[in-house]
Amino acid sequence: MQIALCDDNELYLLDMKEKLSELPMVENAFFFSELPLFLSAVAGGHFFDAVLMDIDWGQDSTGMDAAAELYRHSPETKVIYVTGHSDKYSQHIFLNKANLSGFIAKPVDMEILKANLEKVAGEIPLGEQPMLMVRHKGRVYSIPFREIYYLESRKHTTTIHNTQEPVISYERLEKIMETLPAGFYQCHKSYIVNMRRIQRFEPDGVLLKNGDYVPVSRSKYAGARDAYLSFIGKTF
């Protein structure tokens, strides 16, 4: 799983970094001591399966406010609140909309945290292949669908633009499209876009959350816009 830990205590983050590395379900962990940096990462398209969110940041906004903003961008991400003020916040955690999965008091009992993360891992859908598998020069690449921004066909190759380094494949764009799940749309003969990554529609294309611009052909523009509006309506 990809998880994030958000807390303004950097010593606590360092301690948790070591402890989280020992949990088998945690593939990658990211640490944020400032809420704006976390929200910027989310708005930029970084996906987390779960977020361990401190509630009290000594500011006007709280971790619950950040969880509500997270839900707007990524409603499938699970939130586990972690706080040293459980009595103060226990009656408020359901007031903001969030995909709440757990509530843990500090100091954190690692067995309780492990059980919470195992619960999250068990709820991740397994029915649909979560990876795009492509070959290039004898190597096989596995790219999580959710990390893909768009696919671009050029000459005899297809480039998969994702949150990591772009991956090039000799497979045809149309052939790859057959393997993609709901949420991907071929908006141009040379482009397929992940609708979760769209920031907004422009007159002749779409601006993605990473700042890239993908053209939409004139004949597909109305269909792409309608598909996007329908998709985000189902998602949010």
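No value in this document is a laboratory result; all are computed from the given coordinates. Quantities reported herein were computed from a predicted structural model and do not represent experimental measurements. Here the Cβ positions follow ideal geometry from the backbone for every residue, glycine too, while neighbour counts run over all protein chains shown.
Assorted remarks:
- Segment 1-67 shape via C-alpha gyration tensor axes, a/c threshold 1.5: oblate
- Residues with amide H under 5 Å from that of residue 163, placed H, sequence gap 5 or more: 149
- Shape category assigned to segment 131-186 from the gyration tensor of Cα positions, a/c cut at 1.5: rounded
- By the beta-carbon count within 10 Å of each Cβ, the least crowded to most crowded order of 188, 85, 46, 156, fewest first, is 156, 85, 46, 188.
- The simple Förster model, with R0 at 45 Å and r as the Cβ-Cβ distance, assigns residue 157 and residue 85 a FRET efficiency of 0.25.
- Relative contact order, percent, segment 94-201 [alpha-carbon distance under 8 Å, six or more residues apart]: 17 percent
- Of 196, 135, the sequence from fewest to most neighbouring Cβ atoms within 10 angstrom is 135, 196.
- Each residue, residue 41 and residue 19, gets one label point 7 Å from its Cα in the Cβ direction; the gap between the two is 1.9 nm.
- Among 106-114, 159-167, the peptide with the highest mean count of other Cβ atoms within 10 Å heads the list, and the full ranking is 159-167, 106-114.
- Förster-model FRET efficiency, 35 Å R0, residue 137 and residue 94, C-beta, rounded to 0.05: 0.10
- Whether segment 118-236 is rounded, prolate or oblate, judged on the alpha carbon gyration tensor where a/c under 1.5 counts as rounded: oblate
- Only helices enter the 222 nm calculation for the chain: every DSSP H run of n ≥ 4 contributes -39,500 (n - 2.57), and dividing by all residues gives -8500 deg cm²/dmol, rounded to 500.
- 119, 88 arranged by Cβ crowding within 10 Å, fewest neighbours leading: 88, 119
- ³J(HN,Hα), Karplus 6.51/-1.76/1.60, whole Hz, each residue of segment 130-140, x for Gly, Pro: x, 10, 8, 9, 9, 10, 7, 6, x, 10, 9
- Checked against a 31 Å cut-off, the cross-linked pairs 155/220; 137/220; 19/97 give Cα-Cα distances beyond that limit for 137/220.
- Sequence-distant contacts, meaning Cα pairs under 8 Å at least 6 residues apart, place the relative contact order of the chain at 12 percent.
- Rounded to the nearest whole Hz, the Karplus-based 3J(HN,Hα) values (6.51 cos²θ - 1.76 cosθ + 1.60, θ = phi - 60°) of segment 154-170 follow the sequence 8, 6, 10, 10, 10, 9, 9, 8, 9, 6, 9, 6, x, 10, 9, 10, 8, with x at glycine and proline.
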